[in-house]
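Below: one structure, written as structure tokens.
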Amino acid sequence: MSFYKWTMGKSYSIEDIQQINMEVTEKQNGFFKMSKFQDPLYFEEGFFYLVKAIQKLQSKITDRPVLVAISGPSGAGKTTLANKILDFFSQAISLSMDNYLDTSKHVIDENFDDYRLVDFDLLKKNLQELIEGKETKTPLYDFRKSGRYAYETIKCKGGGIVLLEGIYALHDQIRQFFDFRVFISGGVHYDLVKRIARDISRTGQTPKESFQQIAETVYPMYKAFVEPTIKYAHLKILNRFNPFAALLNPTYTLKTTEKITEEVILKVLGLDEKYKPKYNQYNDIYLRPPSDIESDEESNSENNSDSNSEKNKKEKENEKKEKNTEKNKEKKKTKNGEKSNKNDQNQVKKKKLQRKNSFGGRKSSFVKDYIRVRNNISSGTYEAQFSQILQQDDFIITPTLDFEVSVKILSGLLSLGYHIDATIKRKLKRFSNGEITIDVDTFVQMKNITYVQIKGKKRETVEEIGNLLGLEGKYVRKSYIELYFDYTEEKIKTRELKKIKKTMKK
């Protein structure tokens with residue numbers, strides 16, 4: 001099973017983990033076999049389990065270091081986990097597989113995540129020498145220069161720990177070296193955001209270049225060559241660290257349905273009356289992350305499972321009573337009675353419709369993370385935006401990462417498991433003074449309803465403009481995707497109720 005389908009780690013407490021019995025048995029050549037923990041754990045609990053496992057192995061292995069492999073996709077948190085282990089154990093050292101890239105080999109499509117570029121021969125030599133307690137020379141790699149620039153001499157005594165972290169740390173060429181193997185992931189969406197942010201700072205790539213490379217080469221390589229190795233991990237960790245928390249300069253937005261004239265907007269923004277607003281038309285395609293799709297499926301499944309059996313029993317009992325009532329009425333059929341019975345059946349249908357959580361339960365558990373791919377109809381360009389919708393008081397706060405992409409990126413995201421949740425057609429009239437932007441948005445599918453958005457990087461300034469426009473207490477505290485779902489849900493309910501009323505009249 002794909003690791004990305006594990007959208008929730010198990011809720012184990014530290015006390016639960018302390019009670020777990022870890023079995024260690026010796027196998028050939030002085031290596032030990034350890035029992036696997038089947039359920040994925042969240043990061044902190046997973047870290048605690050890993051510490052306990054290392055300590056257990058150290059009690060058995062005294063003549064050489066304990067070797068631990070940490071694998072997972074780009075941006076999953078491998079280095080973070082390794083650093084926490086280094087902080088905890090004073091005799092631990094860490095090797096990064098990033099340093100074992102051999103660019104003297106042919107690099108295809110600038111894909112430095114290709115396992116064929118890994119210098120496995122040197123890595124195996126280094127690991128073997130560390131096991132034997134010898135000094136060994138490990139390479140250092142510079143991503144900006146795309147090459148090795150030095151070697152570092154390291155050594156690890158018996159009783160120490162050697163960590164190896166990298167995408168291919170569970171590869172079959174080196175897997176046999178390790179006493180304990182870990183696989184870590186944050187889910188495809190967060191891993192993707194973290195990888196792009198890392199590439200920008202480490203390699204100097206633009207977001208567009210990084211995103212395109214990841215979608216077209218990095219993740220397909222992961223699916224083909226890394227995901228199949230998950231089964232060899234003793235421990236699986238789900239890292240739910242939110243990368244958006246680290247993004248600077250979020251946008252603060254106030255939204256309203258109040259009608260505001262162009263003259264008033266120009267005045268509060270301090271713009272000349274000759275100022276010409278920008279007009280545009282967009283198709284906004286909202287792509288939902290694969291982990292959230294799985295969460296909804298699991299949530300719906302749980303709602304129908306034994307955990308909610310009491311609720312299901314009550315519903316079944318009510319349905320049974322309704323059926324019995326219908327049967328009793330059928331026995332007393334008359335011409336007038338038949339008509340009455342039809343009305344009763346329609347009332348039952350109406351009640352069932354009211355009970356049902358329509359539109360896939362999305363209203364009750366709204367997904368806050370999306371990739372929005374925006375098609376600018378005027379220019380024909382596409383732009384991707386990673387955003388997380390946060391709400392505080394009247395504000396919608398969106399930490400974002402956005403950049404231009406090629407049209408091909410949509411198919412790449414779909415192949416990664418993203419799902420198109422909505423396509424929203426939007427007409428835009430934009431006013432901006434450089435610090436504050438006011439958008440007048442009209443939505444075609446929502447009966448041309450118009451919203452006014454005040455946006456800026458400084459919360460106080462956005463609030464001040466809203467007050468100047470007399471909008472205090474008149475704000476809408478939902479994002480456009482939420483408003484779209486609300487509208488669609490209401491439309492479905494109205495249509496169904498019309499059908500029921502029509503049937504009742506017959």
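The values are calculated or read from the model by the stated rules, or taken from the named source; none is laboratory data. All values derive from a computational prediction rather than experimental measurement. As a convention, Cβ positions derive from the backbone with ideal geometry for all residues, glycine included, and neighbour counts pool all protein chains shown.
Data overview
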item	result
Hits in region 269-286 - residues which are within 39 Å of the chain's Cα centre (by Cα) and of a type outside the set (S, T, N, Q)	Leu269, Pro277, Lys278, Tyr279, Tyr282, Asp284, Ile285, Tyr286
Subset tally (residues that are in contact (Cβ under 8 Å) with a residue 24 or more places away in the chain and farther than 28 Å from Glu209 by Cβ) for region 441-464	16
Condition met for Thr503 (exposed (fewer than 15 other Cβ atoms within 10 Å of the Cβ), β-branched (Val, Ile, Thr) and in a helix (DSSP H, G or I))	yes
Residue match in region 215-224 (condition: at pLDDT 80 or above and either under 25 Å from Val51 (Cβ atoms) or assigned by TED's automatic domain parsing to the domain that holds Glu383 (or both))	no
Residues located in region 414-435, provided they are in contact with a helix residue (DSSP H, G or I) (Cβ under 6 Å, 6 or more places away or on another chain) and either surrounded by fewer than 16 Cβ atoms within 10 Å (Cβ to Cβ) or hydrophobic (A, V, I, L, M, F, W, C) (or both)	Leu416, His419, Ala422, Ile424, Lys425, Phe431
Residue count for region 458-494, restricted to those that are farther than 19 Å from Gln445 by Cα and among the acidic types (Asp, Glu)	4
Filter result for Ile108 (at pLDDT below 80, closer than 18 Å to Tyr222 by Cα, aliphatic (A, V, I, L, M) and in contact with a Ser or Thr (Cβ under 9 Å, 6 or more places away or on another chain))	yes
Wholly within region 381-464, strands (runs of 3 or more DSSP E) carrying at least 1 residues that are at pLDDT below 90	382-388, 390-392, 395-398, 400-405, 419-432
Residue within region 239-251 that is surrounded by 14 or more Cβ atoms within 10 Å (Cβ to Cβ), under 30 Å from Ile449 (Cβ atoms) and modelled with pLDDT of 70 or more present	yes
Those residues of region 463-506 which are farther than 27 Å from Tyr370 by Cα, among the aliphatic types (A, V, I, L, M) and not assigned by TED's automatic domain parsing to the domain that holds Asp441, in sequence order	Leu497, Ile500, Met504
Selection within region 464-491 - among the charged types (D, E, K, R) and in contact with a strand residue (DSSP E or B) (Cβ under 7 Å, 6 or more places away or on another chain)	Lys474, Arg477
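Each row is one residue, and each column tells you yes or no for (1) at pLDDT 95 or above; (2) assigned by TED's automatic domain parsing to the domain that holds Glu129; (3) part of a helix (DSSP H, G or I).
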| position | (1), (2), (3) |
| --- | --- |
| Thr7 | no, yes, no |
| Asp16 | no, yes, yes |
| Gly46 | no, yes, yes |
| Tyr49 | no, yes, yes |
| Leu57 | no, yes, yes |
| Val68 | yes, yes, no |
| Ser94 | yes, yes, no |
